[in-house]
Amino acid sequence: MSKKNKHIENSKEYKSLNVNKGIDQPNSINPNTKYIKTKKKLSLDEYVEGIKSGNRTVLSQAITFIESKLPKHQEIAQEIIEKCLPFSGNSIRIGITGVPGVGKSSFIETFGLNIIKKQKKKVAVLAIDPSSNRTKGSILGDKTRMEQLSIEKDAYIRPSPSVGALGGVAQKTRETIILCEAAGFDVILIETVGVGQSEIAVHSMVDYFLLLMLSGAGDELQGIKRGIMEMADSITITKADNKNIQKANLAKAEYKNALHLFPPSESGWIPKVTICSALENTGIDTIWETIINYVKLTKENKFFSKKRDEQAKYWMYETINNYIQNMFYNDKDLKSLIKQSEKKLLNKEVTSYKAAELLLDAFKNK
């Protein structure tokens, strides 16, 4: 077929058919776009000084390095953390957890505003958003849920994806705490995804562990795992407003009775049970007073510093475990060996234990 008759529909035999030329396509680049020069890369000292001076942009950039999986970013992050370490440790670290729907974000907003306005302190909120197991994505919508707190000059909200980390707590949250303390925040609030056995991850990075519960939800005594209640330094019944006050007080009495059955804690602190309403801003002052009393007691009996020392050791070993795990699964030679072991396992040629033992032997002998 000649070039002239390539489009047969334009041939004289098809007089009823006509192909229009169409419209001219616009330029893919907007000619009115104003190009902004990228900011110059900050030096290590500029990052540290920026964080210490309370520069939110620099702090956020440094936290992004911490959360990044790129080796070059991790290297920068560790250098920044090391430089900031002497200026950290002066805050009260509070972990806040609770069943889904308990109102963690609403409570944190009201609680944070009270700390800022009444106690004249700076508050950082490290909100952990659940990541999808399929897409690995997160909504990261805590700033939209905490509208009033997010516009406060003495508040800083940093949502982070859980990306499968233990207990819904981002692996790098502990390092982020150090930077926030160096930036001058007096109170660090860590909001977790929910309640589960792995909430020990939260407990291992905070000074005070607050468990939020609902009244009348059928889990006053049996729906929550005993391990979580044993870790809690206090339990707060939320949404104690309107007609729900009577139920909240009843739940408070039941929890107090249940806590008496637990053995005494090493800190010497007796866990408290309170009620509150984030909507009506009631009971919030009592919670803050309880936390201050806990800090005072544990600092006097030296448990406060002892607990932080134990946490530092815990995260050293946890980091080693994660590093070894990453080395194991990212080893090029082992990847093919793992596939072979899986095949043998599924063909019932080897047991799970033996397959793991052979892989570990191969890893040790490298």
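Computed values, structure above
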| read-out | value |
| --- | --- |
| Helices (runs of 4 or more DSSP H) contained in the stretch 222-303 and holding at least 1 residues of a type in the set (Phe, Trp, Tyr) | 245-259, 284-300 |
| Residue satisfying condition, being without any contact (Cβ under 8 Å) to a residue 24 or more places away in the chain and surrounded by 13 or more Cβ atoms within 10 Å (Cβ to Cβ), within set Ser336, Ser341, Ser305 | Ser341 |
| Tabulated pairs, the stretch 45-58, first without any contact (Cβ under 8 Å) to a residue 60 or more places away in the chain and not assigned by TED's automatic domain parsing to the domain that holds Ile157, second β-branched (Val, Ile, Thr) and loosely packed, with under 13 Cβ neighbours inside 10 Å, C-beta under 8 angstrom, 6+ apart or interchain | Gly50/Thr57 |
| Of residues in the stretch 55-106 being crowded, with 21+ Cβ neighbours inside 10 Å and among the charged types (D, E, K, R), the one nearest to Val123 (Cα to Cα) | Arg93 |
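The values are calculated or read from the model by the stated rules, or taken from the named source; none is laboratory data. As the structure is a computational prediction, the values presented were derived from the model and not from experiment. Methodologically, a virtual Cβ is constructed for each residue, glycine included, from the backbone with ideal geometry; neighbour enumeration extends over all protein chains shown.
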